[in-house]
1. Would you mind getting me the FRET efficiency between A:Ser129 and A:Thr7? Use the beta-carbon distance for r and R0 = 30 Å, nearest 0.05.
2. Reachable lysines from A:Lys115, Cα under 28 Å, same-chain residues fewer than 8 places away excluded?
3. Taking only the alpha carbons of segment A:1-86, what extent do you get along each of the three principal axes, in Å, biggest first?
4. Which of these, A:Ser18, A:Ser36, A:Ser55, has the largest mean-square fluctuation under a Gaussian network model of chain A (Cα springs below 10 Å)?
Amino acid sequence: GPIMLETYRVIADYSKTSKYELNLKAGDLVDIVEKSSNGWWFCQCETQRGWAPASYLEPLDQPEESEEEEPNYAGELYKTTKAYKAVEEDEISLEVGEIVEVIHKLLDGWWVVRKGEETGHYPSMFLWSTGERKEV
Amino acid sequence: SIKQPPQNPPPRPPPEMRRKRT
């Protein structure tokens, strides 16, 4: 039978930075083919198909409904697979191979992680689950 | 076939568009 795709509305203009992304214009409607937890969603818009940043999209039908998981303040242990240096104030800088506690998995792909006293957003694509929970 | 997602992290939401998180 037909596959029903969810439709999302673009909330801000976006210019693609690599080949398989889509250019977005505020107000455009896109159908979501696949939602990746790294914050890139595969979309189709009329005849075009490509990846778009989830943070630039809002659901057309249930704008108030949250698809996000609740924060887990206990923390789930992840290891960084790549270093990242914070650009925004609310981000955290980490080296490769560090163990962090993931406390909130956000759909936009920038998860809230804790390392010691420090908390900040980190790209989920640079995190690998250790499959463990933090012992309290 | 679906291409591999970009290898770079997605952009942060534009500040004025950031969903309120309380």
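1. 0.45
2. Straight-distance partners of A:Lys115: A:Lys35, A:Lys79, A:Lys82, A:Lys85, A:Lys105, A:Lys134, B:Lys20.
3. 41, 30, 28
4. Of A:Ser18, A:Ser36, A:Ser55, the most mobile in the Gaussian network model is A:Ser18.
Every number here is computed from the coordinates shown, using simple stated rules; none is lab data. The structure displayed is predicted, hence computed values, not measured ones. Cβ: placed from backbone, ideal geometry, glycine included. Neighbour counts: every protein chain shown.
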